[in-house]
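Presented below is the structure to which this report refers.
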Amino acid sequence: MKMSKQVIIVGGGAAGMMAALVARRQGAAVTLLERNPRVGKKLLVTGNGRGNYTNIKIGLDCYSGNNPQFAADALAVFGSKETIAFFAGLGIVPKIEEQGKVIPLSEQASSLLDVLLYELKATGVQIATEAFVREIWKEGERFHLKVEDGRVFTGEAVIIATGGKAMPSTGSDGNGYALAAAFGHTVTPLFPALVQLKLEGKFFPQIQGVKVNGTAELLAEGRVLAKDRGDLLFANYGISGPPIFQLSREAGRLLQEGKEPVLKVNLLAEFVPEELTAEIRGRFQRGARKTLEFCLVGLVNKRLIRVLLQEAGFTDLARPAGELSVEEQQRIVRILQDWRFIVRGTKSWPSAQVTAGGVDTNELNPKTMESKLVKGLYFAGEIIDIDGRCGGFNLQWAWSSGFVAGRAAALSLLPAEKR
Ligand SMILES: Cc1cc2nc3c(=O)[nH]c(=O)nc-3n(C[C@H](O)[C@H](O)[C@H](O)COP(=O)(O)OP(=O)(O)OC[C@H]3O[C@@H](n4cnc5c(N)ncnc54)[C@H](O)[C@@H]3O)c2cc1C
C-alpha cells in the first residue's frame, strides 16, 4: 500500500539499512540519511573483512548492558535463524565456522553490503549520502532533520541508528548520543569494548609480537570474573587476541568503577599443574648442565623465556638448571601457568570493535525500540545500551533491533485500524 508519510532513518550502517528495508517492505516511504559518501562503511571491515554477520549459538548471555534482558524480544522475533534466512533471500549462502560464527560463503563482508544496497535501491528506499544530521526536532506530529549542508528532511517517524563510538573513522563517532539526549534521553556511561588491554610492565617491547595459545582470566578482588581460551598476542602496550577481546568488556566495566582488574595468563594450559611440575623437574634433571634459560627452550616461546624468568625473580639466567631447588622450580611452574598483570586500561575508541553503554533501555520499548519519551522516535543498533560478545553478536543486534524498529515505525504510519 502506498503512503506519503515518511520514515526517516539516520545512519546507513547495519541497523539503519535493515530498518530501511523492513520499513519499505511494510509499504512506508523511507529515506535513509548517511553522513559518508556511501553507506555501510563499518560493515566492510567486520570479521576481518569476511563479515561475521551472525552466530548460530546465540543466547541472551552473549549480551551485556545495564539490562541485557531488553534484547530478548527483538532477538526472539528476528534472531540468527531469521537473519540467515533473510540474507539467503538476498543471495548470501551462509558458511558456519568455529564457535557458531556465520560468514558469507564468499568470505567477503562486501557481499553483505552489495546485496543490501541492491535491495534498498530495488525496493525504492531513498538514500541520501553526505547527509550529516546535526539536529532533529519535532513540531506537532512531524520530525524535522537538519543536515550539515542546510537541507531539511521531514517525516512522521524517525529511527536513530548512528552507531556508537568504536572505530570513529567509519562515521560512527558518537555524535548520535547528542541527538538522543536532545530529546531527553539518558545515555549510560560509554566505554570501549572488544578491545586490547594495556597492562603494567616495562618488558612488553621485548615480547611484542609473541603469540601463545593459552587461557586468560580476569580477576577482581581475588575473584575470577571472566575466562577465555585461544591465541594471546603480546604487544608493546600489553596484550591482544580473541580471548582478551572477550574479557575486555568486563575489564572496562571494572576500570569505570575505579577498580584494579588483574589479568591471569596461563601460557601452558594443556598441562595440569602436577604434569607441568613433573615436566620441569624432569627437564632440569636431564639438562642439569644447561643454563636455566636454555633449559626452557622447546617448552615455551623462546622470546618469552628471559622475561618470564626475570618476572619469577631470577637474576642469573646462566645458572646450571640442575642447581635449582624445588621451590625455585615451583616458581617457574607458577609463572608459566599463573602469570599476573595489573590491567591499567583498555585501548581507545579507534581500536575498539563495539561500544559498551548507550541510550538507556529503560526509556525504550523492547518490542518496538520506540522511545517512551517521544512518540514516533525509534532507536536501533549499537547506539542502544546493548553490546555483544565477539563472534557475530553485535551485527546480530543491529539486524534484530533494526528489523523491529523498521517494522514498528512503518506500522505506526498506518491508520490504527490497518495496523
Ligand atoms: C573492526 C571491527 C570489526 C567488527 N567485526 C564484527 C563482526 O565480525 N561481527 C559482528 O557482529 N560485529 C562486528 N563489529 C561490530 C559491528 O560492526 C557493529 O556493532 C555494527 O556495525 C553496529 O551497527 P550500527 O548500524 O548500529 O552502527 P554502524 O554500523 O556504526 O553505522 C552507523 C552509521 O551511521 C552514520 N552516522 C553517524 N552519525 C550520523 C549522523 N549524525 N547523520 C548521518 N549519518 C550518521 C555512520 O557514518 C555509520 O555509517 C565490528 C566492529 C569493528 C569496528
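Read the figures in this text as sums done on the coordinates, not as results from a lab. Remember, predicted model here, so these are calculated numbers, not experimental data. Neighbour counts run over all protein chains shown; Cβ positions are idealised from the backbone, glycine included.
List of remarks:
- Percent RCO, i.e. relative contact order, over the chain, from Cα pairs under 8 Å lying at least 6 residues apart: 25
- Principal-axis tilt of helix 302-311 within the chain, Cα atoms, nearest 10 degrees: 80
- Put in line by how crowded their Cβ is, counting other Cβ atoms within 10 Å and starting with the fewest, Leu413, Leu296 read Leu413, Leu296.
- Residues Ser401, Ser169, Ser371, Ser351, sorted so that the one with the fewest Cβ neighbours within 10 Å comes first: Ser169, Ser351, Ser371, Ser401
- Each Lys or Arg adds one and each Asp or Glu takes one away; over the other residues whose Cβ falls under 13 Å from the Cβ of Lys101, this sums to +1.
- Of all the options Gly171, Gly222, Gly184, the one that moves most in a Gaussian network model of the chain with Cα springs shorter than 10 angstrom is Gly222.
- Each of His144, His185 has some number of other Cβ atoms within 10 Å of its Cβ, and from fewest to most they run His144, His185.
- Using R0 = 30 Å, the C-beta based FRET efficiency linking Lys375 and Glu148 works out to 0.65.
- Mean Cα-pair separation over length for the range 196-347, i.e. relative contact order, pairs under 8 Å, 6 or more apart, %: 31
- Applying a threshold of 29 Å to the alpha-carbon distances of Lys101/Lys372; Lys165/Lys372; Lys202/Lys227 flags Lys101/Lys372 as lying beyond it.
- The trypsin sites (Lys or Arg not before Pro) found in the range 127-204 that occupy coil by DSSP, while having at most 16 further C-beta atoms within 10 Å, are Arg151, Lys202.
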